[in-house]
Amino acid sequence: MELTQLKYFYAVAESQHITRTAERLHIAQPALTQSIHRLEKELGVPLFASKGRNIVLTEYGEFLKNRLAPILPALDRIPEELHSLANPGYATIHINVGAASTLITSAIIAYKKENHSVNFQLFQGKDEHNCDISISTRLSGQSSEQSENAYIFTERIFMAVPASSPHADREDVPLSEFANGEFVALAGSKQFRQICDKLCINSGFIPNVIFESDSPAAVRNFIAANMGVAFWPEHSWGAPDTDGIKLLPISEPVCRRDIMASITARPPADPEVLKFFNFLVGYFETL
């Protein structure tokens, strides 16, 4: 078994979608499929099975994924650990970014200006127990216990409409008015997308998504081009950088989400992790 094959398998096992995984890995879909088939042939068992238009893990695939979960992250960290060993003044903070990636990136840039010796590695969909800090999101209003090593930031969710939309002159609008509209959205694997779908379902309809992408920038461009409407997180995406988009508060239902930052490293956490976490909390507080 080659390490690249195992990494490709694990990526597909997490997403259970060949096309999206190939795009994320920046390889051709046939090459990814062939790599999986070669691994299955070498192991002598099927790792995936077809289910409609999708694929699912077989019991052998589930077993392999579970065995690889602690191994691959450890292998990925070896170069950094060797670098830290050779350069003891440097530290690397690993962040699992499941939401608000633009906001987290901006916070890191601000932090690095005063802390040049700290490096960062960002992951998506990584086992949070192999990271130092985890960023996730959920629909606001879900109660849960909050530890001292966790922080919850709440932001409003607007409806972004083209400036030419008949809704553009409104001060606010109920979500139900878009039941027959066309939506552009983040890909279904994104946590924010799941929140938006739930808001629509709670308002009595399933959104008609005509375009989806992993890139918030692509979603913004489609709105400005009058291709549809989209949910827009207030602080995570900031103000539109074009006059072609109007943000409308949603009057009903209450549309808010929680962004949750938590230290997931085993205690005691590294002092550099605690220092950045406290900076991140302060960064959120200033928004």
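The values are calculated or read from the model by the stated rules, or taken from the named source; none is laboratory data. Just so you know, these numbers come straight off a predicted model, no measurement behind them. Every residue, glycine as well, gets a Cβ built from its backbone with ideal geometry; the counts of neighbours run over all protein chains shown.
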Check: If you scan region 227-260, which residues turn out to be farther than 25 Å from residue 201 by Cβ and either polar (S, T, N, Q) or outside the structural domain of residue 174 (by TED's automatic domain parsing) (or both)?
Finding: 242
Margin query: Go through region 178-226 and report how many residues are under 21 Å from residue 252 (Cβ atoms) and of a type in the set (S, T, N, Q).
Written below: 5
Item checked: Residue in region 37-55 that is modelled with the highest pLDDT, counting only those that are under 15 Å from residue 10 (Cβ atoms) and in a strand (DSSP E or B) -> 48
Item checked: Residue identified as of a type outside the set (A, V, I, L, M, F, W, C) and under 22 Å from residue 108 (Cα atoms) among 204, 238 -> 238
Next item on the list: Return the only residue of 164, 143 being modelled with pLDDT under 90, among the hydroxyl-bearing types (Ser, Thr, Tyr) and not in a strand (DSSP E or B).
Entry: 143
Margin query: Anything in region 23-36 that is in a helix (DSSP H, G or I) and more than 11 Å from residue 9 (Cβ to Cβ)? List them, or say none.
Written below: 23, 24, 25, 29, 30, 31, 33, 34
Notebook entry, point to check: Restricting attention to region 178-195, which residues are assigned to a helix (DSSP H, G or I) and surrounded by fewer than 16 Cβ atoms within 10 Å (Cβ to Cβ)?
Noted result: 194
Check: Using beta carbons and a limit of 8 Å, which pairs, at least six apart or on different chains, have the first residue in region 262-279 and polar (S, T, N, Q) and the second one surrounded by fewer than 16 Cβ atoms within 10 Å (Cβ to Cβ)?
Finding: 262/147; 264/129
Item checked: Given (1) closer than 30 Å to residue 286 by Cβ; (2) touching a residue at least 60 places away in the same chain (Cβ under 8 Å); (3) not in a loop (DSSP other than H, G, I, E, B), number of the condition residue 198 does not satisfy -> (2)
Check: What are the residues in region 217-228 that are surrounded by fewer than 24 Cβ atoms within 10 Å (Cβ to Cβ) and over 16 Å from the mean Cα position of the chain (by Cα), if any?
Finding: 220, 221, 222, 224, 225, 226, 227, 228
